[in-house]
Structure formats: structure tokens, C-alpha cells
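Only one structure is covered here, and it is reproduced in the block below.
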């Protein structure tokens with residue numbers, strides 16, 4: 001029987017945008033979606049993201065296949081968020097042939113102008129045009145042309161929620177992780193920016209220029225050398241983490257519960273826990289047993 005530890009995760013308030021990207025070609029669409037969300041980076045002052053879901057042509061503004069992405073930032077600095085978002089758009093989406101980007105925000109708190117940091121990639125030759133019932137910026141490029149909605153909404157949400165599933169085998173790490181990710185994908189409004197994460201961290205560090213470093217009491221390879229300081233149960237050899245961001249607290253909790261439920265019957269999973277910092281850092285505590 002899998003034990004659920006009487007603990008909680010800490011989650012943080014953040015801001016995010018929700019966008020739709022479309023393309024003529026499914027392979028290009030998938031590459032753009034994965035590239036634009038591939039590197040979680042909020043702990044180093046960048047953005048992080050994930051794929052919320054895939055859309056059929058009848059669900060997108062321009063009638064092509066699409067993907068819904070979320071991109072997150074941990075600060076309320078909208079100017080910085082706009083800049084960091086623009087890097088992902090310019091380097092990972094604009095450069096893919098025949099792509100377009102649309103706002104998919106829900107009750108946004110505000111809007112970010114896309115002309116300054118994305119539209120001007122046209123070097124002054126860009127123009128605005130009403131298309132698909134939206135105001136679009138047309139950026140002239142060598143494979144004509146990149147289209148992006150002129151304003152992208154930003155919303156407030158919850159980021160950094162998590163749970164750990166402690167395992168006895170490598171096989172359990174992958175099987176349970178994939179089941180958790182699949183279950184969370186069914187929760188609209190939630191993403192997993194790290195997917196199966198192998199490196200739980202802590203804020204205290206001997207090397208502050210790196211940022212958060214390894215949560216050493218939970219490293220199985222340090223079990224013997226740490227002795228009493230180790231918090232790894234005897235039978236546990238692996239402690240994967242699933243990190244969840246959600247558009248609100250209810251969505252985040254629903255996604256956590258779905259992920260935990262999905263791993264409970266996997267052979268080799270022996271305990272469910274979560275990462276926290278003694279309640280000192282997070283804006284929210286989500287108790288596992290309340291889910």
C-alpha cells in the first residue's frame with residue numbers, strides 16, 4: 001500500500017500568458033510548441049512554460065491545427081515578462097515556417113503589446129492587419145510571413161505546486177511519471193513545466209551564484225554518508241518530482257490530485273510526499289491529505 005505523507009507543498013503566485021500557436025504542418029507545430037516550452041527558467045529569472053493541449057482546426061482562429069501553451073513568470077514585472085516571452089516567441093516560434101500566434105487568455109488582468117519586442121523583427125517593414133476577427137501584426141520574413149496578435153493577455157495563477165512519488169525501481173519512475181503526466185493533461189488549465197523532474201531543490205545553498213541547489217537530505221546516493229540527516233526511506237532508491245502550474249488554485253489542486261491518483265497503483269511506488277521550505281517561502285500551502 002502506498003503511504004501518503006502528512007505534509008504539504010508550497011506554491012507561489014505568478015503571472016502567465018495563455019497562447020495558441022498554429023502551423024500548416026503537424027511536425028512543425030509540435031517542434032515549435034516543444035521548443036518554446038522546453039527550458040523551465042523562473043528560478044534564474046527567465047520564463048517557463050508547458051503545453052496545455054492540442055487543438056483541431058475547428059478550434060483555432062485560422063482553421064489550422066494548433067497548440068495551447070502557457071508561459072509563466074514569477075514576478076509582477078510585466079515589462080520584464082514581456083521581454084522574456086518575446087525571446088521564446090522569436091527564437092522558437094517565429095523562425096518555424098508558416099506559424100502564427102494568437103492570444104488565448106481568460107479574463108486577463110492586462111495586456112502586453114507585441115509590437116516592440118516581436119513585431120519590430122520586421123525592421124520597420126511590419127504592418128497591422130485585421131485577420132480572423134483579430135488585430136494581427138504581420139512580420140515580413142523570408143518564408144512569408146509570421147503573424148502574431150498585437151496584444152497578448154496576462155493572468156494571475158499558481159506555480160510551483162508539486163508532489164514526489166518515491167520509488168524502488170527505475171521502471172516505476174518512468175511508468176508512474178508517464179501516468180501522472182497523462183492524467184494531468186486531462187485537467188484544463190494546468191501544465192507540468194518539468195514533466196518528470198529528477199532534481200528537487202532547496203533555497204539554502206553553499207553556492208548562491210548558482211541559485212537553488214540539490215535538496216541533499218532527499219538524495220538516495222547520500223543516504224549512507226548523511227546518516228541521520230538523510231530523509232530517504234530505506235527501501236527508496238529514486239524520488240522523482242512532478243511540478244504543476246495552474247491558472248488558479250482549484251485547477252492546481254485538481255491537477256495534483258489527478259497526478260497522485262494515477263501513480264498509486266504502480267508497482268514500485270511506495271510513498272507520496274512533497275517539497276516545501278518549512279512554509280517560509282510559498283504563498284500557498286497545499287496539503288496532500290486534503291486532496
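Give the Debye-formula value of log10 I(q)/I(0) at each listed q (0.12, 0.13, 0.16, 0.18 Å⁻¹), with one equal scatterer per alpha carbon of region 82-240, two decimals each.
-0.77, -0.83, -0.98, -1.09
Given just the C-alpha atoms of the chain, how large is their convex hull per residue in cubic angstrom?
139 Å³
Which whole-number percent gives the relative contact order of region 1-116, counting Cα pairs below 8 Å spaced six or more residues apart?
34 percent
Taking the Cα centre of each part, how many Å lie between region 175-209 and region 63-114?
If we compute the Cα centre of each part, the gap is 21 Å.
With r defined as the distance between the Cβ atoms of residue 59 and residue 181 and R0 fixed at 30 Å, what FRET efficiency is calculated, to the nearest 0.05?
Efficiency at R0 = 30 Å is approximately 0.85.
Dimensions of region 1-160 along principal axes (Cα, Å, largest first)?
Projected onto its principal axes, the Cα set of region 1-160 covers 58, 34, 27 Å.
Relative contact order for region 86-173 using alpha-carbon pairs under 8 Å, separation at least 6, rounded to a whole percent?
Reported relative contact order: 33 percent.
I'd like to compare 30-41, 140-151, 214-225: which one has the highest average count of other Cβ atoms within 10 Å, and what's the full order after that?
Ranked by mean Cβ neighbours within 10 Å, highest first: 30-41, 140-151, 214-225.
Over every pair of different alpha-carbon atoms in region 237-285, take the mean of 1/r and invert it; report that Kirkwood radius in Å.
After inverting the pairwise mean of 1/r, the radius is 12.5 Å.
Per DSSP H run of n ≥ 4, the term is -39500 (n - 2.57); total these for the chain, divide by its residue number, and report the mean residue ellipticity at 222 nm rounded to 500 deg cm²/dmol. Intermediate results must be reported in sequence, preceding the final value.
Working: 5 runs with 57 residues, N = 291.
Calculated at 222 nm, the ellipticity per residue is -6000 deg cm²/dmol.
Could you tell me the convex hull volume per residue, in Å³, taken over the Cα atoms of region 170-291?
Taking only Cα atoms, region 170-291 has a hull volume of 124 Å³ per residue.
How large is Rg over Rh for region 1-62, taking Rg from the Cα atoms and Rh as the Kirkwood inverse mean of 1/r across Cα pairs?
With Rg and the Kirkwood Rh in hand, the quotient comes to 1.13.
Enter the angle in degrees (range 0 to 90, nearest 10) between the Cα long axis of helix 170-185 and the first principal axis of the Cα atoms of the chain, meaning the one along which they spread out most.
Around 40 degrees separate the two axes.
With all pairs of different alpha carbon atoms counted, what Kirkwood hydrodynamic radius in Å does region 93-186 show?
Hydrodynamic radius (Kirkwood, Cα pairs) of region 93-186 is 16.5 Å.
FYI, it's all coordinate maths here, none of it is from the lab. Computed from a predicted model, the values in this text were never measured in an experiment. All Cβ positions, glycine included, derive from the backbone under ideal geometry; neighbour counts span all protein chains shown.
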